[in-house]
Structure formats: structure tokens, C-alpha cells
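Here is the structure we will look at, set down as C-alpha cells.
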Amino acid sequence: MSNTNPMTCQDSLIDEIRALARDRNATILAHNYQIPAIQDLADFVGDSLGLSQQAASTDADVIVFCGVHFMAETASILCPDKAVLIPDLEAGCSLAATITADQLRAWKAEYPDAVVVSYVNTSAAVKAESDYCCTSSNAVEVVQAIPAERPILFLPDRFLGAYVEMITGRKLVIWPGACHVHEKIGEISLAEKQREHPDAELLIHPECGCSTACMLKSTLYFDCADSHVYSTEGMLKRARQSPASEFVVATEVGILHRMKKENPTKRFFPADENSVCDYMKRITLENLREALVHQRFEVKVPEAVADRARLPIQRMLEIPGSRHRHDQTPAQSPAP
Ligand code: 13P
Ligand code: SF4
């Protein structure tokens, strides 16, 4: 009798991936939005900041990036001598696609004195035109590290930009970009969810269309002054530490897997169950195996671009808020 149990097929695929990774001295890094099976087999699961720090410090020869293209590019910039693979080259990012290097050059020409702060969700070519990178977990610290008299161009996420303005009290010039998943998480769905789960704590990613309005109204649920509750990793940390037993989670639904796994006695409800990033979900167990078998698809940033893009990423990693979270102490890079 043939064995048709799908779990058995998946388990053997996972075993094969683990064996291939061992043979090739590969490390598998996965973002918090990846499918559960990939999160469970990865060597490290985290947010954009944690993943770039992990890439910078790994001893592996190969990094297989289960995330989206800009994340693999960042790993390749930080580790130019390692092979960085992404299982599907179509795993892009709608937010990163809202600004090109040409557009940024034209914008900079309008503000010649400005310091450029680029969210990590940007292409390597855009990072190469930037002074600082930031992620959702350290955007506030990065902006606070820039002298008060310098104007700041902040790109490309307008909701994160508005949030950083609100917390730092500093006026930014903000690029009008947004993520197609997060901008749809609006106030209405959150208000409905809060009515359904009145005792739930609200966890919000700052890319959300609702973020600034909701945070202003919901300090009861979401402590704006806590500068660690920004990113997907910040939300996970808050879920572990909070005394609440129920949470409404406003971000991509992939994060619920880790939340539930780490907090089996707590309950988590998505603000919107349709918040699915189709780019993140392009990575599957099958194409992950193919990536390891054929050493594909290698993400390589041209040296001239990588050399310029490395500096803003390193500056970001050196900001104290970034170091705290992962005990990383890279060499100092001169500020712009
Ligand atoms: P985090 O850095 O918070 O994980 O966010 C990355 C991202 O793409 C959010 O949509
Ligand atoms: Fe990009 Fe949005 Fe997907 Fe995050 S959720 S990777 S910002 S498209």
C-alpha cells in the first residue's frame, strides 16, 4: 500500500533540506512572515534588523535567504564573500519598488543639505544613494542620532515616516511610498477587531495605514513611548512580555505562527486575515530545496554599488538601539 500521508512527504522534504544545508555549510535565515514549515526549519527567524545582523556574523559559506529580495541583497552587501541565495527571484517588495535610485537622486538635488535615511525595504542602488539605513525597530534611534539642524529625507514608507515624526517630534521630508499589505490595514478593521476582542492588546507594525492614528488613540493598548515595539520582532517580544492573554495583531499574518508557538496559553487574532504578503509566500519548501541542490539563485550586488550601500547599513548597525538588541559591536563608520 502506498503511503499518501502528506505530513510524511513534508517531513522527508524537511530532512532533505536540513541534510543539504549541512553538506553545503549553509545557514537558512527566515523572515517572520515566512510559511510555518520554513520558520520551523530555519536556523534563525527574525525581523529585517535581526536577519541582517545574523547574516553579518555567520560562519556559514552559504546564506539561504527565505525572505524578499532586498533582504538577500542586504546580506550580500554585508557578506560579499559568501554565496547568498534566494529560492525565488520574484520575491520582491511593493514598498521597495516605490522608489528608484534615479528618483532618489532627483529628490536629493532638491534638498542638497539633507541627510537621507532609507528604510531597509529599498534596493541596493537606493541604499547606495543614502546616508543611513533603518528598519522598523530602529528608525527612531537612527533619526535621533542625526544632528537636529540637518533636514532629513525619509524614505520610502510614509506611515513609518509619520510614526517617526510623531515619536521624535522632528519634521521629516517623507517619500509617499507604502506597502500594499500594510496600507490596507486601516482603522476600520482594527476598530471592529477591538470590539470583537475588547480585552485584547493591540500590536501594530508602523508600516500599517492605521499606525499613527491608532497609536494616538490607543496608548492604552500600545505604549508609544516604548521604542522597542516597532518591528515584527518587537511585536513578538511584546507578546511574550505582556501580561495580556489576547492580542489583535496588525501586520502580515505569517507572524502569528511564532506568536502562538512562543505563547501557547495566549490567543492571537489578525487585525485583517487577508494581510498576506504574496512576495514572502513565494518561498516554499520545494524551491528552498532546489536552491540548495543547484546553489541558485545567487543574489550578487555589483561591487561599486555594494561598497556605497554598505556604509549606510553599517551606520545603522552601529546605532546603540540596534546594538542592544543583538549585542553586535561592529567597527565605527564616519557619520555623513
Ligand atoms: P520588519 O523589519 O519589522 O520585520 O519588517 C519587514 C517588512 O517587510 C515589513 O513588512
Ligand atoms: Fe514588502 Fe509589504 Fe511584503 Fe513587507 S509585507 S516584504 S513591506 S510587500
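The values are calculated or read from the model by the stated rules, or taken from the named source; none is laboratory data. Everything numeric here is computed off the predicted structure, so don't read it as measured data. In this analysis, Cβ positions are derived from the backbone assuming ideal geometry, glycine residues included, and neighbour counts consider all displayed protein chains. Ligands, DNA and RNA are stripped out before the accessible areas are found, and what is left, the full protein with its side chains, is counted by its heavy atoms. Shrake-Rupley method; radii C 1.70, N 1.55, O 1.52, S 1.80 Å.
Quick notes on this structure:
- Cα-derived Rg over Rh, computed across the chain with Rh taken as Kirkwood radius: 0.97
- Here the Karplus curve 6.51 cos²θ - 1.76 cosθ + 1.60, taken at θ = phi - 60°, turns the phi angles of the range 38-48 into couplings of 6, 4, 5, 9, 5, 6, 8, 10, x, 8, 4 Hz, with x standing for Gly and Pro.
- Potential lengthening of the chain between GLU262 and ILE35 amounts to 80.1 nm, from the contour at 0.36 nm per residue minus the alpha-carbon distance.
- With the simple spin-label model, which puts each label point 7 Å out from Cα in the Cβ direction, the VAL276 to ARG18 separation comes to 2.8 nm.
- Label-point gap, in nm, between ALA304 and ALA191 - each point 7 angstrom along Cα→Cβ: 5.3 nm
- Eligible aspartates and glutamates near LYS82 by straight Cα distance, threshold 18 Å, same-chain separation 8 or greater: ASP23, ASP43, ASP59, ASP61, GLU73, GLU298, GLU303, ASP307
- Across the range 146-156, rounded Karplus estimates of 3J(HN,Hα) from the backbone phi angles (6.51 cos²θ - 1.76 cosθ + 1.60, θ = phi - 60°) give 8, x, 4, 7, 7, x, 10, 8, 10, 8, x Hz, Gly and Pro being marked x.
- Amide H contacts of ASP47 (H built 1.01 Å from N, under 5 Å, at least 5 apart or other chain): GLU233
- Added length on full extension, which subtracts the Cα-Cα distance from 0.36 nm per residue, GLN103 to LYS184: 26.7 nm
- Note on the chain: with neighbouring protein chains present and a 1.4 Å probe, carbon and sulfur make up 51 percent of its accessible heavy-atom surface.
- Computed lengthening from ARG170 to ASP43, 0.36 nm per intervening residue step minus Cα-Cα distance: 41.9 nm
- Whole-number accessible area per residue in Å² for the chain, which is evaluated in the context of all protein chains at 1.4 Å: 42 Å²
- Computed from phi, the 3J(HN,Hα) profile of the range 263-279 under the Karplus parametrisation 6.51, -1.76, 1.60 (θ = phi - 60°) reads 9, x, 8, 9, 10, 10, 10, x, 4, 8, 5, 8, 7, 10, 8, 5, 6 Hz, with x in place of Gly and Pro.
- Reachable lysines from LYS266, criterion Cα separation under 30 angstrom, eight or more residues apart if same chain: LYS184, LYS193, LYS217, LYS237, LYS281
- Virtual paramagnetic centre 7 Å along Cα→Cβ of TYR111, amide N under 18 Å, in the range 60-76: none
- Reachable lysines from LYS108, criterion Cα separation under 27 angstrom, eight or more residues apart if same chain: LYS127, LYS171, LYS300
- Highest-MSF residue in the chain out of LEU104, LEU160, LEU202 [GNM, Cα springs under 10 Å]: LEU104
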